[in-house]
Amino acid sequence: MLSRLMIVVAAASLALAGCQKAGPSSAPAKGDMSLGNPDAKVTVIEYASVGCPVCAKWQAEVYPAFKTKYIDSGKVHYIFREMLVGGQDEVALAANGFLIARCAGPDKYFPVIDAIFANQQQAFQQPREVLMNVAKSVGMTDDQFNKCIEDEAAIKALNERVEQHAKKDGINATPTFVINGKAMEAGYHSLDEMDAMIAAAAK
């Protein structure tokens, strides 16, 4: 079995989202993981879950070209913010996946996220096996894996990040993209749609 996660914020987030007083901000927040040029004129924030099938579809179909065009070129500062939404299986996979990514360290965070997205369907069938293989691919031992997904302090920190994204930023669905503070409609967006929003933000 995977960790006995006490992920209570996932359901609460949806109820709390309507109460937020502030909208999404492009300002970096504590715990943010990011890629690209921090001084870029445009900041793209993706609120996503590694247990979200639509997020995985976007990751496979759009992200590679988006990364080449905007992140690798230094035109965009990309920030990834963790969310826990969906059913029990989706939330459990996402929570454990995010814990492993954090344990792997900043330099290996995104390779872990990429690997979980790429193996998401298999992970729903064999969560422990898939996540352990991902952890081992970035140098974690079995013991480190087990300690990571049972770390109560890390679980609490993850819950706090998710709650902040729901309450403060008003996010209740994934993926949600926010470009220079302006949120796109939640859901899948093509590269052409991203291009248009980024071009408008860069003016």
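Derivation of every value follows stated rules applied to the coordinates shown; laboratory data play no part. Predicted model only: the values in this text are computed from it and were never measured. Don't worry about glycine lacking a Cβ; one is built from the backbone with ideal geometry, like all the others, and counts go over all protein chains shown.
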Legend entry - lysines with Cα under 25 Å of K57, excluding same-chain neighbours fewer than 8 positions away: K67, K69, K75, K108, K136, K182
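With runs of 4+ DSSP H residues as the only contributors, calculate the mean residue ellipticity of the chain at 222 nm using -39,500 (n - 2.57) per run, divided by the residue total and rounded to the nearest 500.
Numbers: 10 runs with 105 residues, N = 203.
The helix-only estimate for the chain comes to -15500 deg cm²/dmol at 222 nm.
Could you compute the FRET efficiency for Q121 and D39, with r as their C-beta to C-beta distance and R0 at 41 Å, rounded to 0.05? It would help to have the intermediate numbers written out before the result.
Numbers: r = 38 Å, r/R0 = 0.92.
Between Q121 and D39 the formula returns 0.60.
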Legend entry - Computed over the range 20-192: relative contact order in percent, which uses C-alpha pairs under 8 Å that are six or more apart: 35 percent
Legend entry - With Cα atoms, 0 to 90° folded angle of helix 191-202 axis to the chain main axis: 60 degrees
Legend entry - Listed values (i) 50, 48, 38; (ii) 50, 37, 27; (iii) 64, 37, 32, entry calculated as Cα extents along the principal axes in Å: (ii)
Inset, instruction - Could I have the simple spin-label model distance between Q88 and N133, label points 7 Å from Cα toward Cβ, reported in nm to one decimal? - result: 2.5 nm
